[in-house]
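The values are calculated or read from the model by the stated rules, or taken from the named source; none is laboratory data. Quantities reported herein were computed from a predicted structural model and do not represent experimental measurements. Cβ placement follows ideal geometry from the backbone for every residue including glycine, while neighbour counts extend to all protein chains displayed.
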Amino acid sequence: MSGADELFGQLHAAGQSARAIAPLPPQALDKQQGYALLRQGLAQRLAAGEHLSGWKVAFAGRAAQARFGLDEPVYGALTSAMAVEPASAVSLARLIQPKLEVELALVFGRALAPGNYRDEEILAAIAEVAPAFEIADCRWQGWAFGLGAFLADNAAAGLYCVGTRVPFDAVRHACVDYRLEHDGALLGSGDTQAREDSPLFNLCWLVRRLLADGHPVDAGQVVLSGALLAPLDIHAGAYRLCMLGTELALDFHPGRAPAQAPATVMDD
């Protein structure tokens, strides 16, 4: 068995058992090796009957990129088994060391064939926009990883929840306000226009990168376009995201405590 196969098996077992594994040395895997393991994990999920439902953007901010020596973001895959219904209850027992992220979700209305696209052409393929939660979950103890290990872990993609969808308008949705509360207490607020890495910029980057890497961009796929607030430790109770004139809610049950106390992570 090769070292890559053994590592893949360890990551798979960690996900199945909801228990973190010891981190690798920072330079143990490079970017190319990490993406190769990401693709292997995605292929395994699809072979097991899951469907590719979308993609997530990570490390979109300059600070996160500088930390890992990047000049662009990275991405992870979303599958049907990761989707959580709005207003549902999520047990923390099914997760390892989760973080909550506020996202703007963009939904493709039509497929994009391989080729070169201007921003306007990419945005024209988007049919809907919605508030979203990403429940990021890391299989490396303490959220400790190098770039390749992060990608091998599918960019810490755990679960995600997409709220009420509304028709997308590239002009109107260039600036979207958001407000997050936990059990009625304000956790953060802002708007997408004030960000250095706007969701629409991240979307256009992602489409070009996916097509260049040979991944399909199909109608109905969802893009989680980057965390709008720094990832938050999840506590029991109700989280409510106000965005796009609607409210997205999830209720978390304590279950057991996460296997390891997560360290501070860099905002996507």
Out of 220, 226, report the one residue that is farther than 28 Å from residue 31 by Cβ, in contact (Cβ under 8 Å) with a residue 12 or more places away in the chain and assigned to a loop (DSSP other than H, G, I, E, B).
220
Can you tell me which residues in region 62-83 are closer than 15 Å to residue 225 by Cβ and over 14 Å from the mean Cα position of the chain (by Cα)?
64, 72
Kindly indicate whether residue 7 is farther than 30 Å from residue 196 by Cβ and touching a strand residue (DSSP E or B) at 6+ places or on another chain (Cβ under 8 Å).
no
All but one of (1) more than 17 Å from residue 222 (Cβ to Cβ); (2) out of contact with any helix residue (DSSP H, G or I) (no Cβ under 7 Å at 6 or more places or on another chain); (3) surrounded by fewer than 20 Cβ atoms within 10 Å (Cβ to Cβ); (4) not aromatic (Phe, Trp, Tyr) hold for residue 119, so report the exception by its number.
(2)
Return the only residue of 50, 85, 6 being in a loop (DSSP other than H, G, I, E, B), exposed (fewer than 14 other Cβ atoms within 10 Å of the Cβ) and of a type outside the set (Val, Ile, Thr).
85
Scope region 191-209; condition hydrophobic (A, V, I, L, M, F, W, C) and more than 12 Å from residue 126 (Cβ to Cβ); matching residues:
194, 201, 205
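Determine whether residue 24 is modelled with pLDDT under 95 and either out of contact with any helix residue (DSSP H, G or I) (no Cβ under 9 Å at 6 or more places or on another chain) or surrounded by 12 or more Cβ atoms within 10 Å (Cβ to Cβ) (or both).
Details: modelled with pLDDT under 95: yes; either out of contact with any helix residue (DSSP H, G or I) (no Cβ under 9 Å at 6 or more places or on another chain) or surrounded by 12 or more Cβ atoms within 10 Å (Cβ to Cβ) (or both): yes.
So residue 24 passes the test.
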Whichever residue in region 142-169 is in contact with a Phe, Trp or Tyr (Cβ under 7 Å, 6 or more places away or on another chain) and part of a strand (DSSP E or B) and, among such residues, is surrounded by the most Cβ atoms within 10 Å (Cβ to Cβ)
161
Give the residues of region 188-214 that are in contact with a strand residue (DSSP E or B) (Cβ under 9 Å, 6 or more places away or on another chain), surrounded by fewer than 17 Cβ atoms within 10 Å (Cβ to Cβ) and not in a helix (DSSP H, G or I), sorted by residue number.
188, 189, 190, 191, 213
Within region 116-141, which residues are assigned to a strand (DSSP E or B), touching a Pro at 6+ places or on another chain (Cβ under 8 Å) and acidic (Asp, Glu)?
128
